[in-house]
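This report refers to the structure that appears directly beneath it.
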Amino acid sequence: MPRSLFLMLLLVGKTLAAQSTLAPRQALSSVAGQVVQESAGTPLRKVAVQLAPSEGSTVFRQDDRNWHSATTDSDGRFQIVGIQPGEYRVILEHNGFLSSTRRSRLYSSTLLSLAAGQELQELLFRMRPAGVIKGKIVDEDGDAVPGIGVSAVSASGRDMESNVNATTNDLGEYRIAGLPEGKFLVIAQPQAEMIASGSRPSQEKVYAPTYYPGNPDRSQAATIDVHAGDEATASFNLISSRIFTVKGRVFGLKPTAQPTATAPRRMLQVNGQGSATIVLERTDGQNSSHGAAIEADGSFEIQGVLPGSYNARISSEHLNHVRASQTIEVRDADIDGVQLTTESSVEMHGRFRMDDGRKMDWRQVQIMIDPDDRKQSDGPLMARMQADGSFVVPNAQPGNYHVVVTSSSALLRDYIVKEVNVDGKEVGDSGLSITGGASFLDIVGSAKGSAIEGTAVDDEGKPIPDMQVVCIPDATRRKRHDIYQQVQTDQRGYFSLRGLNAGEYQVFALDDAPGDITDQDFVSAHDGQGETVTVEAGERKSVVLKLPPPAD
């Protein structure tokens, strides 16, 4: 036998032997069932049924398994095969309907735990008709106003996913569909500087963003109760208002180079990067802003400003943002002589490391610097780590923040942020204060995350599926949004809260999904409910949450 052939056969034999010793792949799972309309029980066809990976952790999320989907047939039935074992959330989508989350043993849980090779059959899911808000927008003369954007906004201001938009037709009519049950505000937002009919040129008026039943002030808006399958009506007049000019000067900005023949105009820079503009943004959250360029001497003139309270933001063409130091109040006259000083942003550097010194490719981890005052900020600051754990947070505005670490890897689900050190001081619980100077963030992780698991049962000890289980830290750590958790019980009534820092928690269950569980109004309303559980580093505890029996 030729030597080359012998070597080839030897290699093939070794390869086959190695393959035979590998661990067998896990058997795939499948689910099958039906989707019906709530109450009537009528089968729903053309429902998109999706299985989304869900590991229940708000800190280290796992989303590396593929989604699986199917569409219901004329009998409302579906089947999905070839599913990797694990935990999945069932998402149902159908025009004009919403997935029902009301718990009942007559229906299947929307959180499924699939074992290897498991075949779940005869699942039954329900959907309920969505709510609708409709109406007509007219001007102050009672004439229809077409082309106006109308939005239904969650009255709590926290459930942004519930907000839905529409546009008025040629008759001024709008229809906002697909709304969940709850309380909403309706706001009509005309295009910028839409001139009000009949206004005099000397005192020109424009239509202002107007809340139902006809007021530009959100605090004076009326809420509308939306119920499943019902249509609520909200017709109202747009309010007109005079517009004003705001003039002033910004101090602390750096001018560009001297003007030349090719560049005759000298502009200002933010942190040495590009020409600058100033934008006034409403403090009440309305989608209404006005801006202008900042001249070489720092002066600005902003026209067309509606009455209200505004925050001033300074921006460059390279997307650097700085915040001005004061709020501007526009009432019933032009404003001249506004003097603003900037609070320059800083670039923060840092590094993530493990307490035991282990090395990993940390590019699967993200850093978020979460502002304590979300209303007065541009939102969280994001940074993606390099392989060695180093990261940079650009454009960090002055303010108070907490550090949040997220990851898409299931391998890091039990990891926690153990320490956050700034200039030698541990600020994980208290938070860090960003001022004008640069600071280095030393973030220490640990694989010794704790866990609280258990079952939600009724007064007869029977498991309750589809319950929302919320975990809130003790009062000393309420500003750490990364250690709050919210999960849902599966078809067995089981839940698991993983990746918890050591300490005391309140664990309780709710019928309906809450909005923002870190909101202090929500926390105060549920303080003292449920079970108090204290866990040490790496400890796993079990708890039974007892609840009244669900209504069938």
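The values are calculated or read from the model by the stated rules, or taken from the named source; none is laboratory data. The shown structure was predicted, so the numbers you read here are calculated from the model rather than taken from an experiment. Cβ coordinates were reconstructed from backbone atoms using ideal geometry, including for glycine residues, and neighbour counts include every protein chain displayed.
Applying the set (1) surrounded by fewer than 20 Cβ atoms within 10 Å (Cβ to Cβ); (2) in contact with a strand residue (DSSP E or B) (Cβ under 7 Å, 6 or more places away or on another chain) to VAL469 leaves exactly one unmet item: (1). Exactly one residue among VAL49, VAL59 is of a type in the set (Val, Ile, Thr), surrounded by 12 or more Cβ atoms within 10 Å (Cβ to Cβ), at pLDDT 90 or above and not assigned by TED's automatic domain parsing to the domain that holds LEU412, and that residue is VAL49.
Among the residues of region 114-125, the one identified as at pLDDT below 90 and either farther than 17 Å from GLY82 by Cβ or crowded, with 20+ Cβ neighbours inside 10 Å (or both) is LEU114.
Counting only residues that are more than 21 Å from GLY86 (Cα to Cα) and among the small types (Gly, Ala, Ser), region 447-498 holds 3 of them. Residues in region 231-268 that are modelled with pLDDT under 65 and among the aliphatic types (A, V, I, L, M): 5 in all.
Residues of region 506-521 that are of a type outside the set (A, V, I, L, M) and modelled with pLDDT of 85 or more: GLN506, PHE508, THR518. Taking the conditions (1) free of Cβ contacts under 8 Å to residues at least 24 places away in the same chain; (2) more than 22 Å from the chain's Cα centre (by Cα) in turn, GLY379 satisfies each one other than (2). Can you find a residue in region 208-216 that is modelled with pLDDT under 90, assigned to a loop (DSSP other than H, G, I, E, B) and surrounded by fewer than 18 Cβ atoms within 10 Å (Cβ to Cβ)? Scanning region 208-216, I find no residue that is modelled with pLDDT under 90, assigned to a loop (DSSP other than H, G, I, E, B) and surrounded by fewer than 18 Cβ atoms within 10 Å (Cβ to Cβ), so the answer is no. Taking the condition under 23 Å from LEU123 (Cα atoms), of a type outside the set (A, V, I, L, M, F, W, C) and surrounded by 19 or more Cβ atoms within 10 Å (Cβ to Cβ), does THR518 pass? Taking the combined requirement at face value, the residue does not satisfy it.
This table checks each residue for (1) under 18 Å from ARG351 (Cα atoms); (2) of a type in the set (A, V, I, L, M); (3) touching a Lys or Arg at 6+ places or on another chain (Cβ under 8 Å).
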position: GLY428; (1), (2), (3): yes, no, yes
position: LEU432; (1), (2), (3): yes, yes, no
position: THR435; (1), (2), (3): no, no, no
position: ALA451; (1), (2), (3): no, yes, yes
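Taking first residues from region 406-425 that are farther than 11 Å from ASN501 by Cβ and partners that are loosely packed, with under 15 Cβ neighbours inside 10 Å and among the charged types (D, E, K, R), the Cβ contacts under 8 Å between residues at least 6 apart in sequence or on separate chains come to SER408/ASP63; SER408/ASP64; SER409/ASP64; ALA410/ASP64; VAL420/GLU426.
If you go through region 217-248 and keep only what is farther than 27 Å from VAL279 by Cα and either in contact with a Pro (Cβ under 6 Å, 6 or more places away or on another chain) or not in a loop (DSSP other than H, G, I, E, B) (or both), you end up with ALA222, ILE224, ASP225, VAL226, ALA228, GLY229, GLU231, ALA232, THR233, PHE236, ASN237.
Can we say ARG175 is basic (Lys, Arg) and either surrounded by 13 or more Cβ atoms within 10 Å (Cβ to Cβ) or at pLDDT 85 or above (or both)? Judged against the criteria, ARG175 is a match.
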